[in-house]
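Working notes, structure below.
Any read-out appearing in this document is the output of simple, stated calculations on the displayed coordinates, not a laboratory observation. If you're wondering where the values come from, they're calculated on a predicted model, not measured in any experiment. Using ideal geometry, Cβ is built from the backbone for each residue, glycine included, and neighbour counts are taken over all protein chains shown.
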Amino acid sequence: MKYVLAVVVLLGVALGVAGVVLGEADDSPGLQLLGALVVIGAIGYAVRLARRGA
C-alpha cells in the first residue's frame, strides 16, 4: 500500500511541475499557480503520510 501512495504522490508532483512548465510557456499565471499548489499539496500529503507511518 505504501508503494501505491508513493506513486500517487509522485504523479501529483509530476503533474504540478508539468502545469508550471506549460503555464510558463503559455504565459499563464493561473496555470502556474495551480501547478505550484498541486506540487505543494502532494509534498504536504507525502510528509503527512510519512509522519503517520502509513
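If every alpha-carbon in the chain counts as one equal scatterer, what log10 I(q)/I(0) does Debye give at q = 0.24, 0.29 1/Å?
Log10 I(q)/I(0), no solvent term: -0.80, -0.99.
Relative contact order (percent) for segment 2-52, with alpha-carbon contacts under 8 angstrom and 6 or more residues of separation?
Worked out over segment 2-52, it gives 39 percent.
Spin-label point model (7 Å from Cα, Cβ direction): what's the ALA36 to VAL8 distance in nm?
Each label point lies 7 Å from its Cα, and together they span 2.6 nm.
Hey, what angle do you get for helix 2-25 against the long axis of the chain, alpha-carbon based, 0 to 90 degrees rounded to 10?
10 degrees
How far is helix 29-52 tilted off the main Cα axis of the chain, in degrees rounded to 10, range 0 to 90?
For 29-52 against the chain, the angle is about 10 degrees.
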